[in-house]
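First up is the structure itself, then whatever we jot down about it.
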Ligand SMILES: Cc1cc2nc3c(=O)[nH]c(=O)nc-3n(C[C@H](O)[C@H](O)[C@H](O)COP(=O)(O)OP(=O)(O)OC[C@H]3O[C@@H](n4cnc5c(N)ncnc54)[C@H](O)[C@@H]3O)c2cc1C
Ligand SMILES: Cc1cc2nc3c(=O)[nH]c(=O)nc-3n(C[C@H](O)[C@H](O)[C@H](O)COP(=O)(O)O)c2cc1C
Ligand code: SF4
Ligand code: SF4
Ligand code: SF4
């Protein structure tokens, strides 16, 4: 059995699955229940300045009948009185000494305000503090949240105010609403952060209602931008995590990173771990299905680690980072072509139309007996037998550029494979090529000359 | 003995309509195949992937239009088509799991507009040409609709009280209620087609009259009554089509006993037996060959078994036994399979001395329909008893076209094939009329 326990910047937890600071961590009774279900930790719903929340708060993204691929929220931080939150935090920590209890906080950009709240948090016995520099709506207009996270100087200063007064580990939670995620990360490190977490929600307008013509969510006839989270944001979160994990300054600091943004299953979790996260947070998936989802997260991750021979989370962490590269370092001579397995093919012809209309026209249809045919049919051939006389798609491999569009549209798992084929060319990267022959980046004639020499034919 | 009376739920449409959610989930399952096999397998070539996609995007009016453009009787076909043999049978998802429920999705989209009385089509720019259509079954309605859309002035003649042919009178309510067929008739009227019921074409003089008043005539006559069995006691046998008709248009008049025997094993026989069963009768079907030679679709047979209908095979009725005008049994003889006949099926032979009586109080025959008798009187060339037509559905008489069951010399007849015939004939009539200025001067 794999050991899922972690020690994240000194914060210990029996497993890396923490509830993110959000509605799932709004109160003591909720977190009791969550811990009973097995969550390894919880980041308390952000506490701080007095606020009033409005209704309604969430817009949902549905696609093709799939509900809640993302939530967009116009919620603020906790609207429960500070002393109530603090009392409940203390109670929870007392009852669950082995779980990670982290308090998310956000106050005005003022050293005194930060000092006061830090003291209060320390008194609860919580294991750590997370600085919310993320909220893209409501709080940012008041100079908090993303207003801090988006300005590196502010980020550094505010972080410093906290780290200089607390003994607790300080996690800085980054907003994705920036051009380069490394800028606020560097600022947080300069401010003394002990760890980073990302991503907070992405600025968004979820939807316009076609019946009412109102922006959704509709708040008394008005709408506003809100924070976007859930399965749909995972690729963005993975990229930002990777940017941090491949950044020299972040690596030198050695701070651990807590990953979140679209984690719905243990599989998503494993991907975040493989790209370097060592603890994880979940919000939308828990809002969709409840706390019970953690059971499969723990079980599935543990079984997968056993299968792969990973004993601890730290054996998994960062395993896929060596594959991360830049475009300039990719091998221009690598050649893959699509190959269709006729035994698996159900002849939906989606690969055919995708390749023919929008890629490189290299899939042909073959009828029984090896005759190439065009799409279309003889209307006299009604009824039965159509399924047996369907033409089968076949890739004309010499013309296939290996774009992989067909693989992505094929509805049958493993039916089309991208197979590596020898290109007959010596391996060369763009960086190498342009260093050797700078002219290829400037003149089409030079580029064509190189292509001729290398035997690269473009259709 | 009290006649069994049907419980109220017995004669209602079997499958409930899809809810919006069910339709959305099912529509989203469709792959939107290119050059799709389902479209090819539908005899009317409805653009199925497109209509399903429109359901998935919530464009129900557009979806219905896509369906009805290819098949004016999309509402009927959605209910009665043997989809397992046609569109759904060809769906690529049937290869390893469940095909898309194309029929039920089609019904969902078409019902959406027809229940709201939305008319999607307009009559075409008037051409001044006139076409008479005889018979208001699927073939006649389809031909009429297509011709009206092309701007021709169409009059549809029907001998019965209600238009719709077998959709109205012959298809059990479990599959299609009368209202659905009537909505299609209404849609036809909205296209400007004059529907004249209780008017029968009876002889050559009538046809000649039509030809003098109209530029072309389309015959969608369907087939005749259930043929006679030619056995003693025949007068006591009920006609399966009549039983079905009563269950549809006048269920209160349906008088069946407690023990019903249905002779035949085709789809019509199963329908008649279903009506008897739903009316509460203990129902037995007798067929002279075996399960393997039955003409009913496999799914129909399984449906019948599920309904609790019993079967006895290799059994040939030879006499209806009656006492004082009341049926008491059906005398039968045991059969065995002999050498194959011309249809390739083994010929059943009577086992000597094996007579026995099945006690019952009602006997229904459903052994097919008679060939179109009127065709002879009209002086049309026949083929195997059906009206002979060419690829364009032109008959041996100039300006006379025919389609539907009355020309279905090969293969099993079905509604969707009749609809396609109507389209083919309408296109041929239109082409012919557009080419030739009519000689008789009925139009100027
Ligand atoms: C019991 C039964 C169940 C069936 N179930 C199915 C099913 O589930 N699915 C399926 O696809 N098919 C089914 N069929 C077959 C289907 O109903 C027919 O193939 C289809 O109705 C044929 O259409 P049609 O227009 O050719 O003829 P019909 O529907 O028979 O219509 C012919 C019309 O012409 C009228 N007519 C005839 N002669 C004259 C005249 N001289 N003057 C004026 N009017 C005239 C008739 O009154 C009738 O209204 C079933 C058939 C039967 C008998
Ligand atoms: C309704 C809602 C409220 C949130 N409130 C907060 C908050 O108060 N503080 C905070 O740091 N993040 C907040 N978040 C962001 C989440 O903590 C988390 O960063 C984000 O949802 C991405 O994770 P997910 O994809 O698992 O939901 C909120 C998110 C949602 C959906
Ligand atoms: S997309 Fe896949 S299943 Fe469909 S035709 Fe192409 S190879 Fe076959
Ligand atoms: S008309 Fe019949 S065969 Fe054609 S798609 Fe509809 S249900 Fe299927
Ligand atoms: S074959 Fe099936 S999956 Fe493909 S378009 Fe037709 S209904 Fe959809």
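Descriptive notes on the structure:
- Flag if residue B:366 is touching a strand residue (DSSP E or B) at 6+ places or on another chain (Cβ under 8 Å) and free of Cβ contacts under 8 Å to residues at least 40 places away in the same chain: no
- Among the conditions (1) within 14 Å of chain A (Cβ to nearest Cβ); (2) surrounded by fewer than 22 Cβ atoms within 10 Å (Cβ to Cβ), residue B:112 misses just one, which is (1).
- Which listed residue, of B:73, B:86, is closer than 13 Å to residue B:48 by Cα and more than 16 Å from ligand 3 (Cβ to nearest atom): B:86
- In the range A:343-371, the qualifying residues are those that are without any contact (Cβ under 8 Å) to a residue 24 or more places away in the chain and either closer than 16 Å to residue A:399 by Cα or within 39 Å of the chain's Cα centre (by Cα) (or both), and the one that is nearest to ligand 4 (Cβ to nearest atom) is A:353.
- In the range A:347-368, the residues that are in a loop (DSSP other than H, G, I, E, B), within 12 Å of residue A:406 (Cβ to Cβ) and at the interface with chain B (Cβ under 9 Å from one of its Cβ atoms): A:348, A:349
- Number of positions in the range B:45-61 that are facing another protein chain (nearest Cβ under 9 Å) and within 25 Å of residue B:146 (Cα to Cα): 1
- Which listed residue is free of Cβ contacts under 8 Å to residues at least 12 places away in the same chain and closer than 17 Å to residue B:208 by Cα, from B:400, B:376: B:376
- Subset of the range B:82-99 (residues that are in contact with a helix residue (DSSP H, G or I) (Cβ under 6 Å, 6 or more places away or on another chain) and part of a helix (DSSP H, G or I)): B:87, B:88, B:90
- All conditions but one from (1) closer than 21 Å to residue B:268 by Cβ; (2) in a helix (DSSP H, G or I); (3) over 18 Å from the mean Cα position of the chain (by Cα) apply to residue B:419; the one that does not is (3).
- Taken over the range B:62-81, the criterion of being assigned to a helix (DSSP H, G or I), within 16 Å of ligand 5 (Cβ to nearest atom) and either within 14 Å of chain A (Cβ to nearest Cβ) or closer than 15 Å to residue B:418 by Cα (or both) is satisfied by B:70, B:74, B:77, B:78.
- Residue in the range B:19-40 that is more than 11 Å from every other protein chain (Cβ to nearest Cβ), more than 15 Å from ligand 4 (Cβ to nearest atom) and part of a loop (DSSP other than H, G, I, E, B) present: yes
- The set of residues from the range A:208-241 being on the phi > 0 side of the Ramachandran plot and either touching a strand residue (DSSP E or B) at 6+ places or on another chain (Cβ under 8 Å) or touching a residue at least 40 places away in the same chain (Cβ under 8 Å) (or both) comprises just one member, A:230.
- Restricted to the range B:151-248, the set of strands (runs of 3 or more DSSP E) holding at least 1 residues that are over 22 Å from residue B:407 (Cα atoms) and at pLDDT 95 or above comprises B:153-157, B:194-196.
- Some residue of the range B:205-214 being more than 14 Å from chain A (Cβ to nearest Cβ), over 30 Å from residue B:123 (Cα atoms) and more than 16 Å from ligand 5 (Cβ to nearest atom): yes
- Within the range A:108-142, being more than 27 Å from the chain's Cα centre (by Cα) and closer than 28 Å to residue A:206 by Cα holds for one residue alone: A:142.
- For the range B:363-409, a residue qualifies if it is closer than 19 Å to residue B:81 by Cβ and within 14 Å of chain A (Cβ to nearest Cβ), and exactly one does: B:408.
- Condition check for residue A:440: out of contact with any helix residue (DSSP H, G or I) (no Cβ under 9 Å at 6 or more places or on another chain) and surrounded by 15 or more Cβ atoms within 10 Å (Cβ to Cβ): no
- Verdict on residue B:6 being buried (at least 17 other Cβ atoms within 10 Å of the Cβ), modelled with pLDDT under 95, away from every other protein chain (no Cβ under 14 Å) and not in a helix (DSSP H, G or I): yes
- Counted as qualifying within the range B:275-379 are the strands (runs of 3 or more DSSP E) with 2 or more residues that are within 22 Å of residue B:225 (Cβ to Cβ), namely B:282-286, B:315-323, B:326-340, B:362-365.
- Residue within the range B:100-113 that is away from ligand 1 (no atom under 16 Å from the Cβ), more than 20 Å from residue B:22 (Cβ to Cβ) and part of a loop (DSSP other than H, G, I, E, B) present: no
- Residue among B:21, B:97 that alone is modelled with pLDDT under 95, more than 16 Å from ligand 3 (Cβ to nearest atom) and over 26 Å from the mean Cα position of the chain (by Cα): B:21
- From the options B:197, B:290, residue that is touching a residue at least 12 places away in the same chain (Cβ under 8 Å) and over 30 Å from residue B:350 (Cα atoms): B:197
- Which listed residue is surrounded by fewer than 18 Cβ atoms within 10 Å (Cβ to Cβ) and within 14 Å of chain B (Cβ to nearest Cβ), from A:308, A:344: A:344
- Residue A:192 within 21 Å of residue A:276 (Cα to Cα), more than 23 Å from the chain's Cα centre (by Cα) and either within 16 Å of ligand 3 (Cβ to nearest atom) or part of a loop (DSSP other than H, G, I, E, B) (or both): yes
- When the range A:50-63 is filtered for residues that are within 30 Å of residue A:124 (Cα to Cα) and touching a strand residue (DSSP E or B) at 6+ places or on another chain (Cβ under 7 Å), the ones remaining, listed by number, are A:54, A:57.
The values are calculated or read from the model by the stated rules, or taken from the named source; none is laboratory data. Predicted model, so just to flag it, every value in this text is computed and none were measured. All Cβ positions, glycine included, derive from the backbone under ideal geometry; neighbour counts span all protein chains shown.
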